[in-house]
Amino acid sequence: MENNRTLSFLERWKQKLGPFSVDAPEWFFMRVGLAGIVWMLFPLTLFPNQPNPNGLARLGMDFTWLNDPAKMQICSWLLIGAIILYVANRFLWLALPMMTGLMIATGTLTNSQSAEVSHHSQPVTLILLVQTIWLFVAMIRRARGKPATDDDPDPSIRIIATKRWFTLAVYFSVQTLCAAYMVSVVSKMVLSDGEWVKNSANFPIQLVKNDLADHYNVVNGPKQDKESTFQDNAQKTAQKFFIDYPNIGRAMLASGMLLEAFCFLALLSRWISCIYGVMLIIFHEIISLVMGLTFTYNMLLLTVFFVGVPWLISRPIAALLAKKQTA
Amino acid sequence: MALSFLKRLWRVLPLRLTLVLVAVMWIAEENYPLSHFPMYSNFTDFDYVVFVADQNGTPLPLEYVSLGTRTARLKKQYNGLINKIRKDLKNPDGSTPQKRDLTVEQRRPAGEKALTWLWRTIQSKSTDRLEGVTELQIYQIPIYREDGHIVAPDPEYIASIKIDGK
């Protein structure tokens, strides 16, 4: 009896957190957005060695050849080709593995430099990886004579052009982004022995650290005497505020962690997703301002997959297409 | 019975991909592109920054002279090495010593290795902006709380490497 109640409770939530219906114009602008983010991320600073192998490098794969400018040039052209195909929604079986592979190769090399790694590109690469796996799952299903998805009435239509496939591709991308936020909450809770909120009173130490680190990036150099921008001044003011009032910083961090923990609620509706996305972006902006950190790619991913900018800008095209169909 | 319930549970479970990914990322820890995103997972009452100076101890604008490597990146390198040293240096009670308790001598190998890594990275790009520099030195500034105030005392010299013959 109790079990049945649990199952029906979960079933209700499964329906509530189901995918939004995505149409072709929105999917197009989402691909444009993701492709743009991939391109912005790609020319990472590369390194001649892998002193602390990470990921595939731990299995013995060597990515130091990427440090060769000629080879990197070829990779850049391959990525451009893959991005064009991805945006055009053609040959995704080639474009998606190419984009994913190049991102994994460059990201692995960058993260094989020290025991501590950087975290700006993982969510983007994971979304590409999930889309790639989802495409190949659908292709294998069709190859076995089964429908590619649970709604695949016409096998003559290309998989990537079927509405259900790309609706789920977007749904899985959103879930991947949610997972990245949610696992960080698990880390905060476990690695701090549940004392993360209590320990966040030490947050101002991080502010002083980042301020000093910024200083030593430019000290005695050409940028040292550059005029303070509005952002510099705002950063100084915000830092001073949080150092003077550490409990406000603690409350802000606690609310940010709650936002991350419950980010899956964004799937309840497009409006909630939009509001949730904006709140997470504001949270990232405050942290960026105060700590001098950058969350550019997370914020861009949120703009594409949570806030719904592709949906908004694709509405005139969707309306035109609908008009054309009825005419 | 239990198995059939679990099967039904799996079928009705919302956000299965999210849950699977959270579990996989947590288990995989740091294995690109997987990560459990542990940054700022514990705000300790002690932290530090590192910076690089020339043979006279004059701080160098790291981002400029290295064509893009920031002090935070160098610190990641150094801190990873410090953690290895800590694991090797057990306290008499078997616990791992705290970062703040390591002596400069104990931190020196980490400083030298971090500088060697930095120098190789700079060499792979361009050494033009290090004209006249014959030695790279690494300094550490500890940051901690004392009597309710945040203190960042004078930098401590950690290690240096010669960079003659660029």
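Of the residues A:VAL278, A:VAL290, the single one that is surrounded by fewer than 18 Cβ atoms within 10 Å (Cβ to Cβ) and either assigned to a helix (DSSP H, G or I) or in contact with a His (Cβ under 7 Å, 6 or more places away or on another chain) (or both) is A:VAL278. With respect to A:LEU129, determine if the residue is farther than 30 Å from A:LEU59 by Cα and modelled with pLDDT of 95 or more. In short, no.
Counting the residues of region A:310-327 that are buried (at least 19 other Cβ atoms within 10 Å of the Cβ) and under 20 Å from the mean Cα position of the chain (by Cα) gives 2.
Looking across region A:181-194, the residues that are facing chain B (nearest Cβ under 7 Å) and either of a type in the set (S, T, N, Q) or open to solvent by 10 Å² or more (accessible area, probe 1.4 Å) (or both) come down to A:MET182, A:SER184, A:VAL186, A:SER187, A:LYS188, A:LEU191, A:SER192. Does A:PHE63 count as surrounded by 19 or more Cβ atoms within 10 Å (Cβ to Cβ) and within 14 Å of chain B (Cβ to nearest Cβ)? The answer is yes for A:PHE63. Among residues of region B:124-151 that are under 30 Å from A:PRO69 (Cα atoms), those with a Cβ under 8 angstrom from a residue that is modelled with pLDDT under 90 and open to solvent by less than 50 Å² (accessible area, probe 1.4 Å), sequence gap 6+ or separate chain, pair up as B:SER124/A:PHE47; B:SER124/A:PRO48; B:SER124/A:ASN67; B:LYS125/B:GLY68. Among the conditions (1) part of a helix (DSSP H, G or I); (2) buried (at least 17 other Cβ atoms within 10 Å of the Cβ); (3) touching a Leu at 6+ places or on another chain (Cβ under 9 Å), A:SER114 misses just one, which is (1). Of all the numbered requirements in (1) free of Cβ contacts under 8 Å to residues at least 60 places away in the same chain; (2) within 8 Å of chain A (Cβ to nearest Cβ), B:VAL24 misses one, and that requirement is (2).
For region A:1-34, how many residues are open to solvent by 70 Å² or more (accessible area, probe 1.4 Å), part of a helix (DSSP H, G or I) and without any contact (Cβ under 8 Å) to a residue 60 or more places away in the chain? Selection size over region A:1-34: 8.
Within region A:263-279, being under 17 Å from A:MET299 (Cα atoms), free of Cβ contacts under 8 Å to residues at least 60 places away in the same chain and not β-branched (Val, Ile, Thr) holds for A:CYS274, A:TYR276, A:GLY277, A:MET279.
Look at region A:195-222: where a residue is at the interface with another protein chain (Cβ under 7 Å from one of its Cβ atoms) and within 22 Å of B:ARG73 (Cβ to Cβ) and a partner is among the small types (Gly, Ala, Ser) and not in a helix (DSSP H, G or I), sitting 6+ places away or on another chain with Cβ atoms under 9 Å, you get A:VAL208/B:ALA152; A:LYS209/B:ALA152; A:LEU212/B:ALA152; A:ALA213/A:GLY292.
Within region A:50-68, the set of residues being out of contact with any Pro (no Cβ under 8 Å at 6 or more places or on another chain) and of a type in the set (S, T, N, Q) comprises A:GLN50, A:ASN52, A:ASN54.
The values are calculated or read from the model by the stated rules, or taken from the named source; none is laboratory data. From a predicted model like this one, the values you see are computed outputs, not experimental measurements. No Cβ is skipped: glycine too gets one built from the backbone with ideal geometry, and neighbour counts run over all protein chains shown. Protein only, heavy atoms only, side chains kept; ligands, DNA and RNA dropped before computing areas. Shrake-Rupley method; radii C 1.70, N 1.55, O 1.52, S 1.80 Å.
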